[in-house]
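Reading through the structure tokens given below for one structure.
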Amino acid sequence: MKIIVQPQKSAYKLLFVEGDRVEGTGFVTLTATQKGQRPKNFKMRRRGSRHPAPVPTRDLITMLRRSSVALAAESPEFESFLADLQIPSSRLYICRFCQLEDRFAPVDKTTGVRYGGEWICMECAKREMRRELGYMGRFGGSVLIHLEKLLAQVRDLDRVLASVGPERPDRRRTLFDRLEAHEIEKTLHITDLSLPPAFVKAAGVDYLMPVQHLAVQSGLLEGQHLLVVSATASGKTFIGEMAGMKNFLEGRGRMLFLVPLVALANQKYQRFRDRYGHLVRVALQVGVSRLNLPETRPAGDRDVNAPVVVGTYEGIDHLLRTGKTLKDIGTVVIDEVQMLEDAERGHRLDGLIARLKYIAPDAQFLYLSATIGAPGLLAEKLGANLVRYAERPVPLERHLIFIEREKKIAFIKQMVAEEYRMRSSKGYRGQTIVFTNSRARCHVIADALGKMAVPYHAGLSAQERREVERRFSNGEVAAVVTTAALAAGVDFPASQVIFDALAMGIQWLTVQEFHQMMGRAGRPDFHDLGRVVILAEPGGSYSRTSGKTEEEVAIALLRGEMEEVAPEYDLEQSTEEFVANAVVCGGDEQQIIRMNRMMVGTLEPALPTLLDHGLVRRRGGRIELTDMARVMAEHFIGAERLILVRDLVRRMDDAAGIVAELECAAEEEQ
């Protein structure tokens, strides 16, 4: 038998253990005598009995002599008593919570969990954690699983609970994981490559970054089509520059560099013009605002026949959809190609790629992305070689904090201020991007943060956005607060990314979107470390129909794997792409079919619907588009919406009423 002695305030609790089973418990006090410490008032309750009974102290001494004795905590008095009777003892740590319930569980640093300055067993730690979480609110099952895994990993219950409703941010306790940076690898010097000397001189680059080196090895400078997948700030843009400038300067055609958002197009245009403007003419092609205001008028050279054209997807696609031609294209760079997965715009990018392949069959196509699911399959669908570099240029810490919505802004304010006070070894201050789910929330957070933060979203004018970009680049503001919708276009050199919300509007972020936004933290030329902080509201949701809560979504995003890019387009999207393809190939039915097959996604049969509604005519192997069908192509709408507009125009004279009906119809579709 083993007797475990647990010192208490005025007595000692004894556990009588046989194997792993507690056969009885007892309480005894010690009193000082001339012979030393001696026991008195010993009571014992045996297994199965309800109440303790007095037992002679000589029986206790006999049991102590016949048993293995271990002290659960230091006690000079009891150790002296045992020594006087020549009873050997040892030290054994047991779970105090188990002991309170007359259970026996030995613990140490390898098996126990730290809690409140002591070690307890894992089962009691889990029970205490659930009890504490019960006070804090409702948590989904996936969060409990995550917290239990975290508990098993760090073996510190205080640290785990610190990530749930903490009083203040504590980076030591809220760390979810850390993604380490790669070691610097030896790469080629730019002068070792077959690049035009004028480009080499203008590029301002000495040695290639690892992903650039891999791209060269995969045939970048031999005209190979490539899908390049690597982290943000790993050097993907320069891959496009090398191929595009080489192809133009060596007489193989002009370069198109396409991005999803106007803000990003403006940044790339400025970069290209500053770096290569003395070598080639650089033009900008983006969509034209319907509001004719000074700040919305197109800036920069707008000549689509320039050697280098930087544009948005829709800016270039609109030219093709209206029947204009783009000649002598030698390089097409599709940046942020993960937009193929975008529910609203993915089919248009997919169709644009097919149309560009049709008009420029000899061009080199380069597809760039920081985040894409099953890239090998996508590369095969695009007819490109895969270049994948999974390492990050700087390490990234990911923190997860469970917190009520009303406390989020106070936390954001403190974390932004702390980051701004830091300076990297490169001399740059820490700056933050705060992602939230709506424009209104952008202003609420920015106003609460005061002068150190500014809002940044599509509702601002181009002039206002450029001013924000300038101030952030100059380190004049500590944070920008932006929407998830602008994630692909936010190119700020931030060291920290904070998620105030894990939604875009009322829709939860996808794993691809989350990784895209997360990747904005940490730039190798500016920072030593990137940091991502997720503020997840237990039980929180942005839609009544959502079956998930924000803390569950947080776990899913942090642990999630990105899915294969394999979109399926509905009839509305399919009819839009069909007529756009028909415009580009002059209605040749076989060429329309060919372009449709070039697309990554799956189209619905569109021609029967277009014929039924009299939008196209079929004659001698050609598809003739009506004026209404050309409106579809030019204005990026499908057959169903076009027919709705036509019917509303016939029934209503009030333009505002027509717009209201269209908005209502769009909301019903969602």
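The values are calculated or read from the model by the stated rules, or taken from the named source; none is laboratory data. What you see is a predicted model; the values in this text were computed from it and never measured. Reconstructed Cβ throughout: ideal geometry from the backbone, glycine too, with neighbour counts over all protein chains shown. For accessibility, only protein heavy atoms count, side chains too; no ligands or nucleic acids. Shrake-Rupley method; radii C 1.70, N 1.55, O 1.52, S 1.80 Å.
Some points to look at:
- Highest average first, the peptides 516-523, 606-613 ordered by how many other beta carbon atoms sit within 10 Å of their residues are 516-523, 606-613.
- Selection among 333, 161, 393 by position relative to the dipole of the chain gives 161 as farthest towards the positive end (Cβ unit charges, Cα centre).
- Kirkwood-type radius of region 410-562, with distances r between different C-alpha atoms, in Å: 15.6
- Cα centroid separation - region 469-544 against region 203-231, whole Å: 27
- Among beta bridges that DSSP assigns inside region 37-159, antiparallel share in %, nearest 5: 60
- Reducing region 42-88 and region 403-459 to their Cα centroids gives an inter-centroid distance of 61 Å.
- Sparse packing (at most 14 other Cβ atoms within 10 Å of the Cβ) combined with a DSSP loop state is found for the following trypsin sites (Lys or Arg not before Pro) in region 74-162: 109, 138.
- Close amide H partners of residue 156, meaning residues 5 or more places away or on another chain with modelled amide H under 5 Å apart, are 114.
- Beta bridges by DSSP in region 326-485, antiparallel share as percent, to the nearest 5: 5
- A Cβ-based charge dipole, computed about the Cα centre of region 448-591 with Lys and Arg at +1 and Asp and Glu at -1, lands at about 960 debye.
- Placing R0 at 22 angstrom, the Cβ-Cβ distance between residue 654 and residue 322 gives a FRET efficiency of 0.15 after rounding to 0.05.
- Part-to-part distance (alpha-carbon centres) for region 313-386 and region 594-645, which is given in Å: 20
- Computed per residue of the chain from DSSP H runs no shorter than four, each worth -39500 (n - 2.57), the mean residue ellipticity at 222 nm is -11500 deg cm²/dmol.
- Interchain or long-range residues, amide H under 5 Å from residue 94's placed H: 107
- Heavy atoms of residue 344: accessible area, 1.4 Å probe, square angstrom to 10: 130
- Simple point charges give the picture: +1 on the Cβ of Lys and Arg, -1 on the Cβ of Asp and Glu, and for the chain a dipole about the Cα centre of about 2780 debye.
- Quotient of C-alpha Rg and 2.2 N^0.38 Å, computed over the chain: 1.30
- Of all DSSP bridge pairs formed entirely within the chain, close to 40 percent run antiparallel.
- Shape summary: region 1-153 maps onto an equivalent ellipsoid whose semi-axes, from the alpha-carbon gyration tensor, are 35, 16, 13 Å in decreasing order.
- Accessible surface of residue 627 - all protein chains present, 1.4 Å probe, nearest 10 Å²: 120
- Percentage, to the nearest whole number, of Cα pairs in region 396-478 over 14 Å apart: 68
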